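Here is the structure we will look at.
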Amino acid sequence: MAKTLQFFLLVCLSIAAFGCSPLRTLINRKFPPLTTTDQQYAAIERSILELDSLKPHISLHVDNEFIIKRVEQEIKKAAVGAGNEDVTLQSFESKINFDKQGVFVNVDFFVRLPKYKADIKGVISGATAVSTELDSLYLRSALSAVDIKSIDFTKKPGLAKKALAAAIAAILRNYIENINGQLLKKPTVIYAGYNQSYKFSPRELIKNPETEVIADTFTVTRHTKRSAIRLRQDGISVLLEVSKEKPVAHPIPPTSTKPRKLDELAAIFNTYNAKFDTVWLDTFEAIGDSTSISASISKAEIASILNESLSKPIVLRQDFTIPSFSFNERLEAKKNDIDCQQVREPFRYPDFNGASCNWSCEWWNQPCQASKALCIANREAERVIWQAARKAAQLAHETEMLARISSCDLLRNANNFLALGKFKGGVSGNGKAQVNLNAFSFNEDLSEMTLNYSGDLNAKVKSELVLQPLDLGHIFFCHSDFRNRENSDFKVRIPTSNYKIGITSIRKGDELNLIVKPDKIAYKASISPSPLHSLIQNRTFIPKCPIFGTIISAGTVSAMAGNFLGMVTLAPEQELLLMGNASGEYTVDQIQVPIKPIDFKVDEEVLRSQVYMNSKSIQFISVKPPLQLGLSR
């Protein structure tokens with residue numbers, strides 16, 4: 001986050017009333033008490049002004065027990081590390097208290113000063129500053145005030161009281177500064193990780209390994225525009241408003257500087273607390289008692305992130321197969337479509353091939369003329385024989401044709417349909433599908449999404465059709481088997497469309513997945529050339545199947561194909577495909593939007609969160625350990 005809100009409270013408890021020891025009093029005077037009431041009041045005034053215009057997108061809550069444990073550990077570690085030859089730490093027990101926008105530190109300490117043979121017991125007071133930086137919460141503790149309760153000397157000091165008080169105060173001040181230096185070097189950092197939600201790869205949408213996803217990676221950036229922190233007994237709560245653009249810094253309006261009383265502080269905090277709760281509950285769910293750390297992102301902000309991340313087209317490419325089919329069906333003709341006269345074959349007989357006898361003879365060449373006359377006589381004798389043979393053949397042919405016609409009439413009159421043969425074959429195809437997911441629009445409550453899409457389906461269709469005549473089929477169908485193979489183009493254009501899809505959520509392992517299941521895309525395709533058109537237009541079809549060609553003749557190829565299909569029983573979708581018209585549904589892959597759990601990090605400790613889809617927000621929660629949960633109840 002670009003803008004950092006820093007809230008620092010420097011707290012010092014009031015020094016107790018002077019004790020009886022003049023030395024203790026002199027030392028305590030070196031650490032004057034500081035009141036925090038005015039600072040707390042001013043901080044709350046500024047927070048109320050910020051809260052009035054805050055429209056939060058992100059919330060963060062850290063339980064007080066979680067903070068107390070870690071801050072106390074860090075302070076004690078710093079106290080041990082700050083010791084030197086002047087100070088030997090004997091005991092150091094800190095207590096953290098949350099109250100009215102303040103985090104207060106009180107430490108019961110016992111140190112030994114070897115140089116002055118002195119054992120000192122008392123209380124060191126301070127405060128913990130809370131700030132947000134990027135997507136982390138920083139806790140920086142500092143100690144300031146000292147209230148010595150007792151000083152015991154194992155050997156009488158050789159200095160006067162004032163000099164001794166100054167020396168001891170200097171040692172204690174140096175010790176406290178060393179502690180603060182240790183704390184400053186290593187503040188307690190709670191990594192909330194909500195920026196992880198802005199890292200999204202469109203390629204994660206489709207889980208089908210057979211689908212190629214082509215998409216540009218888009219980085220979503222957010223900057224903190226406004227924020228508000230609340231510190232109270234149950235812990236630290238933060239509200240953040242973010243924006244795409246870097247916000248312009250505005251000067252903080254001045255707050256009242258007049259002294260404030262504790263009852264005034266309580267009153268203004270109660271006002272702020274109530275307003276903070278109202279703003280929180282308008283956008284986020286209440287925090288449960290079992291929550292240790294919680295980060296929530298409003299559904300509206302998640303929708304904004306997704307819409308921005310998916311603002312560029314995503315292309316899905318996939319191989320697809322046209323459902324193949326094969327058939328082996330009888331091809332039948334109605335008896336009214338059968339003209340038995342068509343079984344008659346034309347009579348054919350060789351033409352007479354006699355001698356020409358057409359040579360020339362001179363008038364005076366009697367032998368030549370005699371030879372020519374003999375030739376003509378022989379030719380005419382042969383013609384008589386040929387004519388008699390032709391007549392006999394014609395009578396035999398007519399007898400055979402009448403028998404055929406009679407047999408055909410008997411067969412036709414005995415059946416409403418005549419089986420002419422078999423129509424068999426198969427069709428298959430495969431190709432490439434491309435679906436363009438042009439734009440996504442998630443609504444603010446993540447209940448539905450509007451998808452703009454378009455696409456193309458392109459394939460090659462292989463067909464093999466076989467006409468196999470049987471019995472009369474050799475006459476009315478085809479003289480012999482006829483086979484036609486074709487490779488056709490299958491093309492579908494999916495027009496640009498918008499439609500709304502409901503969103504559901506499921507949990508897979510520790511991920512929450514938003515599921516968008518698009519409806520199947522219905523399509524109508526044309527196949528060019530169609531398998532049946534290709535068969536009829538084959539230049540060898542009519543020569544091999546002449547009578548069948550006249551039976552289905554209807555003027556146009558499409559009409560002939562329609563008549564053809566009227567003679568065979570096929571499934572409707574098979575007929576459409578053979579005619580070059582295909583319809584079907586293309587299944588678009590299910591879209592899964594993964595929302596991964598946040599790994600909360602506190603120093604070296606990693607706390608895996610659980611992801612929940614709530615009515616107002618997506619919530620990442622790390623729960624308290626069972627023992628701690630039991631104690632908190």
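Using a 1.4 angstrom probe with every protein chain in place, what is the largest-first accessible-area order of VAL606, VAL189?
Order by accessible area, largest first: VAL606, VAL189.
Express in whole angstrom the spacing between the alpha-carbon centres of the range 161-180 and the range 349-381.
Comparing the Cα centres of the range 161-180 and the range 349-381, I get a distance of 160 Å.
Going by average Cβ neighbours within 10 Å, how do the peptides 233-239, 314-320 rank, with the highest at the top? Walk me through the numbers on the way to the answer.
On the way: 233-239: 20.0, 314-320: 16.9.
Descending packing order for the listed peptides: 233-239, 314-320.
If packing is taken as the average count of other Cβ atoms within 10 Å, what order do 155-161, 103-109, 579-585 fall into, highest mean first?
103-109, 579-585, 155-161
Under the rule of at least 5 residues apart or a separate chain, name every residue whose amide H is placed under 5 Å from the amide H of GLN610.
ILE621, SER622
Give the peptides 166-176, 87-97 in descending order of average Cβ contacts within 10 Å, highest first.
Descending packing order for the listed peptides: 166-176, 87-97.
Of all accessible surface on the chain at a 1.4 Å probe, what whole percent is carbon and sulfur?
On the way: 16500 of 31990 Å².
Percent of accessible area from carbon and sulfur atoms in the chain: 52.
As a check on your grasp of the helix formula, calculate [θ] at 222 nm for the chain: sum -39500 (n - 2.57) over DSSP H runs of n ≥ 4, divide by the residue count, round to the nearest 500.
Value at 222 nm, helices only: -9500 deg cm²/dmol.
From largest accessible area down, sort MET401, MET560; use a 1.4 Å probe on the protein chains.
On the way: MET401 0, MET560 30 Å².
Largest accessible area first, the residues go MET560, MET401.
Near ARG317, within a Cβ-to-Cβ distance under 12 Å, what is the net charge of the other residues, with Lys and Arg +1 and Asp and Glu -1? Can you show the working numbers first?
Values: positive: LYS432; negative: GLU210, GLU212, ASP319, ASP456, ASP589.
Within the 12 Å Cβ shell, the charges total -4.
In nm, to one decimal, how far is the modelled label at ASN452 from the one at ALA274, with both set 7 Å along Cα→Cβ?
4.7 nm
Please go through the residue pairs LYS95/LYS246; LYS596/LYS616; LYS121/LYS624; LYS95/LYS261; LYS244/LYS616 and name each one whose alpha carbons sit more than 29 Å apart in this structure. Spell out each step's value before the answer.
Numbers: LYS95/LYS246 40 Å; LYS596/LYS616 18 Å; LYS121/LYS624 35 Å; LYS95/LYS261 25 Å; LYS244/LYS616 21 Å.
As for pairs spanning more than 29 Å Cα to Cα, those are LYS95/LYS246; LYS121/LYS624.
Accessible area per residue, 1.4 Å probe, Å², for the chain: what's the number?
51 Å²
Are there GluC sites (Glu not before Pro) in the range 284-366 that DSSP marks as loop and that have at most 13 other Cβ atoms within 10 Å, and which are they?
GLU362
Please compute the length gained on full extension between SER441 and LYS185, using 0.36 nm multiplied by the number of residues separating them and subtracting their Cα-Cα distance.
On the way: separation 256, 0.36 × 256 = 92.16 nm, distance 4.61 nm.
Length gained, SER441 through LYS185: 87.5 nm.
Taking H placed 1.01 Å from N in the peptide plane, check which residues at least 5 places from GLY455 or on another chain put their amide H under 5 Å from its amide H.
ASN436, ILE494
Using a 1.4 angstrom probe on the protein heavy atoms only, line up SER227, SER304 by accessible area, largest first.
Accessible-area ranking of SER227, SER304, largest first: SER304, SER227.
If I take R0 = 30 Å and measure r between the Cβ atoms of ASN84 and GLN233 in this structure, what FRET efficiency does the formula 1/(1 + (r/R0)^6) give, to the nearest 0.05?
0.25
Given +1 on the Cβ of Lys and Arg, -1 on the Cβ of Asp and Glu, and no further charges, what dipole in debye does the chain carry about its Cα centre, rounded to the nearest 20?
Values: 77 positive and 67 negative charges, 456 e Å.
With only Lys, Arg, Asp and Glu charged at Cβ, the dipole is about 2180 debye.
Take the alpha carbon gyration tensor of the range 110-155, find the square roots of its eigenvalues, order them as a ≥ b ≥ c, and report rounded if a/c is under 1.5; if not, report prolate when a/b exceeds b/c, else oblate.
It is prolate, given that a/c is not under 1.5 and a/b is the larger ratio.
If the chain between GLU264 and GLU605 were fully stretched, how many nm would it gain, using 0.36 nm times the residue separation less the Cα-Cα distance?
Extra length from GLU264 to GLU605 when fully extended: 118.7 nm.
SER505's amide H: which non-local residues (gap 5+, or another chain) put their own amide H closer than 5 Å, with H modeled 1.01 Å from N in plane and none for Pro or chain starts?
The answer is ILE515.
Would you mind calculating the relative contact order of the chain from Cα pairs under 8 angstrom and at least 6 residues apart, reporting the percent as a whole number?
Relative contact order here is 15 percent.
Just want the answer: with Cβ charges of +1 for Lys and Arg and -1 for Asp and Glu, which residue in SER558, PHE477, PRO259 is farthest toward the dipole's positive end in the chain?
Projecting each Cα onto the dipole axis, the largest value belongs to PRO259.
HIS223 versus PHE320, label points 7 Å from Cα toward the beta carbon: distance in nm?
Those two pseudo-labels are separated by 4.5 nm.
Simple spin-label model, 7 Å along Cα-to-Cβ: LYS149 to VAL384 in nm?
So the label points at LYS149 and VAL384 sit 16.2 nm apart.
Mind checking which helices in the chain clear 24 Å along their axis (Cα) and have mean Kyte-Doolittle hydropathy of 0.0 or more, DSSP H runs only?
Numbers: long enough: 64-81 (25 Å, -0.32); 161-185 (36 Å, 0.34); 262-283 (32 Å, 0.09); 366-414 (72 Å, -0.24).
Sorted by number, the helices that extend far enough and score high enough are 161-185, 262-283.
Given (1) 30.7; (2) 37.7; (3) 34.3, which label gives Kirkwood radius over Cα pairs in Å as computed from the coordinates?
(3)
The values are calculated or read from the model by the stated rules, or taken from the named source; none is laboratory data. For clarity, every value in this text was computed on a predicted model and none was experimentally measured. FYI the Cβ positions are ideal-geometry reconstructions off the backbone, even for glycines, and counts take in every protein chain you see. Protein only, heavy atoms only, side chains kept; ligands, DNA and RNA dropped before computing areas. Shrake-Rupley method; radii C 1.70, N 1.55, O 1.52, S 1.80 Å.
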